[in-house]
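So the structure is just underneath, and the comments pick up after that.
The values are calculated or read from the model by the stated rules, or taken from the named source; none is laboratory data. Not measured: the values here are computed from a predicted model. When we count neighbours, we look across all protein chains shown, and the Cβ atoms used for this are built from the backbone with ideal geometry, even at glycine. To get the accessible areas, we keep the full protein, side chains included, count just its heavy atoms, and leave off ligands, DNA and RNA. Shrake-Rupley method; radii C 1.70, N 1.55, O 1.52, S 1.80 Å.
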Amino acid sequence: MPAPLLQAELRAGNLPTLSRWIRGGTHTWTEWTARVPSTTPVSQAGILHGSNEDIPAFRWWDRDLGRMLVANKPADAAVIESRISDGRGLLADEGVSISNLFTGDAATVHLTMSAVAGGASALGSSRPYAAFFSHPAGFARALVMTVGEMLKEVAQGRSQERRGIEPRVARHGSYIALRGVTNVMLRDLNTALVVESMVRGAKAVYVDYVDYDEIAHHAGVTRPESLASLYGLDRVLGTLERVAASGIAAREYDIVAVSDHGQSQGATFAQREGRSLEEFIAERTGGRAVLTAHDREGAGAPAALLVRELAAQGARSAQVAARALDREATADAGAGPREATPIAVVGSGNLGGVWFTAVDHAMSLAEVEEAHPGLVADLVGHPAVGFAVLRTSGGAVAIGAAGTRHLSTGEVAGEDPLAAYPDHTAADFARASAFHHAPDIYLNSTYDPVLDEVAAFEEPGGMPRRRGRLADSAATGPPRRMASGPGTRRTVGPALRRRCPASPTGRMARGAGSSRRPALRKASARPASMGDRGASGAARGCSSMAELQPSQPIARVRFPSPALLRSGPWCRTTLPTE
């Protein structure tokens, strides 16, 4: 969710739960800037495992494995986690991971991509969710509302086309099913799993609510349907707050809401050029084979897992959705050659990457120019490309249409290609380009400051950007900006330590940040204030972490779903029906 959007919605009072927390002085919020690349696996790796080194994009050519690695594929997510985990992640001390890419070393995981590798059930242990699927107030209600959400998507997508709204992307195929699943069924299931974890006294719960992310990617960042999903997430936070205060939880909890990176919109490279980035490059490299990863980036992965799990259990609507997903996967698999591909081209939002896979090392600018004369000049001369970053013997260099900038020394020749971008852009790309698996050519799209639009190198058109938000507890001063990495780690980790002392085993859950985003934090007695805005960008993928206070356990209550909580005799508060 974009930080400026959060600020506007808070001031308008359209997020009553978050607004009440901030106006009441119990919470405050700040924003932070995602480092390059500003994408979910980078942020989650930093938050959950304390390291996001050598993750150059959402998907990339892995020089060690000799193939494409995609962060939201279970087997690949497991590979990535094995590289970054030291066994002492944020959730290592009796924590729970729900609907994430990585586990954070949690013992209990649900719908977590890296834990599905090896044939494990996507949903994890069956006990917490069995009642959700079997009770009419849980699964049956969610199923009906999911179908309604799908019909709503068809109508809203056609309305965009009739009204001529621009920019827009195609809203059809498996996305129609995924919107229904993410915005209703997955949200309800995630909430049920969070509450069940609270009831049994888990020390920390990290859950990724992907509703806004999935819809904003297709409909647009501030379009009505995207905002409606955001309002639904605010109601979820209210539900979790009331559960924490109702006495059925085995511990006291703080709620931290965090968006893992930003999001912007704009016409894509293919819409502007009439052909994709890989086709553009293939034409300039002698028609050589180009490998492109078309796997869905962002929120669709946990929803796709849920769809396939339900299809396996015999749900007919899920079987239809699963077939749609399989058709798209088959089409993508046949989109281009997959063996002996000399050039790999991927888009990760408005960040692009080009790998020359026939060589066994990262190529320099001189080597690229020798092998493909004029390619770099053609790329940076395209109006949808802001600049390219390549290695030289003296370090990484940013190249624009009319000048260059050395990223380490700051030396500029001609016009500075980074002049229109934030001050930290040079340092971010210097760090990312030094990764072992970094592309031979990094591409960053153009940026329109008037419309606040970028140009994605992939479809759909909602793209990760730099500004996000973090909602947290226990701040003693006004909201402040945070950079990714240690800055966010110092904010999330100590909060967890205050509420969750080390266990008898001596393990301590810890966190780390990987991008700058908005944050909502529980404040001390002093009034909360609205943080300043910082550089450009926005945040998506509202995630929440429940932090627990050790206390006397209460009698265990069987709690399968929020719907059952609404009707259960133990309910002490009135919970929303939607």
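Which of (1) of a type in the set (Gly, Ala, Ser); (2) open to solvent by less than 10 Å² (accessible area, probe 1.4 Å); (3) in contact (Cβ under 8 Å) with a residue 24 or more places away in the chain does GLY25 not meet, given it meets every other one?
Failed condition: (2).
Across the range 70-92, which residue is nearest to ASN190 (Cα to Cα) among those that are buried (at least 24 other Cβ atoms within 10 Å of the Cβ) and over 17 Å from the mean Cα position of the chain (by Cα)?
Across the range 70-92, the extreme among qualifying residues is LEU91.
Please verify whether GLY374 is modelled with pLDDT of 55 or more, more than 26 Å from the chain's Cα centre (by Cα) and either at positive phi or among the hydroxyl-bearing types (Ser, Thr, Tyr) (or both), treating the condition exactly as stated.
Yes.
For the range 24-50, which positions are among the aliphatic types (A, V, I, L, M) and more than 19 Å from VAL346 (Cβ to Cβ)?
Result: ILE47, LEU48.
For GLU241, all conditions in the list (1) of a type outside the set (Gly, Ala, Ser); (2) open to solvent by 10 Å² or more (accessible area, probe 1.4 Å); (3) not in a helix (DSSP H, G or I) hold save one; what is the number of the exception?
So GLU241 meets the others, but not (3).
For the range 42-61, enumerate the residues that are assigned to a loop (DSSP other than H, G, I, E, B) and among the polar types (S, T, N, Q).
Those that are assigned to a loop (DSSP other than H, G, I, E, B) and among the polar types (S, T, N, Q): SER51, ASN52.
Kindly provide the set of residues from the range 361-370 that are in a loop (DSSP other than H, G, I, E, B) and open to solvent by 30 Å² or more (accessible area, probe 1.4 Å), ordered by number.
HIS361, ALA362
For residues that are open to solvent by 30 Å² or more (accessible area, probe 1.4 Å) and either at pLDDT 85 or above or closer than 10 Å to SER264 by Cβ (or both), tally how many sit in the range 445-465.
Residues meeting the conditions: 8.
Can you spot a residue in the range 255-274 that is closer than 30 Å to ALA202 by Cα, at pLDDT 90 or above and open to solvent by 10 Å² or more (accessible area, probe 1.4 Å)?
Among the residues of the range 255-274, at least one is closer than 30 Å to ALA202 by Cα, at pLDDT 90 or above and open to solvent by 10 Å² or more (accessible area, probe 1.4 Å), which makes the answer yes.
Out of the residues in the range 341-357 that are of a type outside the set (A, V, I, L, M, F, W, C) and crowded, with 24+ Cβ neighbours inside 10 Å, which is farthest from ALA455 (Cα to Cα)?
Per the stated criteria, the residue is GLY353.
Restricting the range 4-22 to residues that are open to solvent by 10 Å² or more (accessible area, probe 1.4 Å) and part of a loop (DSSP other than H, G, I, E, B), which is nearest to TRP60 (Cα to Cα)?
So, considering only residues that are open to solvent by 10 Å² or more (accessible area, probe 1.4 Å) and part of a loop (DSSP other than H, G, I, E, B), the one nearest to TRP60 (Cα to Cα) is ASN14.
Mind counting the residues in the range 244-254 that are open to solvent by less than 20 Å² (accessible area, probe 1.4 Å) and in a helix (DSSP H, G or I)?
The number of residues fulfilling the criteria is 1.
Starting from residues that are of a type in the set (A, V, I, L, M, F, W, C) and in a loop (DSSP other than H, G, I, E, B), keep the ones in the range 371-414 and report whichever is surrounded by the fewest Cβ atoms within 10 Å (Cβ to Cβ).
Residue satisfying both the conditions and the ranking: ALA402.
From LEU69, LEU111, LEU101, grab the single residue that is at positive phi and at pLDDT below 95.
Just one listed residue meets the conditions, LEU111.
With the requirement that a residue be in contact with a helix residue (DSSP H, G or I) (Cβ under 6 Å, 6 or more places away or on another chain) and assigned to a helix (DSSP H, G or I), what does the range 201-217 give you?
Within the range 201-217, ASP211, TYR212, GLU214, ILE215, ALA216 qualify.
What are the residues in the range 275-306 that are open to solvent by 40 Å² or more (accessible area, probe 1.4 Å), modelled with pLDDT of 70 or more and in a loop (DSSP other than H, G, I, E, B), if any?
Hits for the range 275-306 are ARG275, ARG284, GLY286, GLY287, ARG288.
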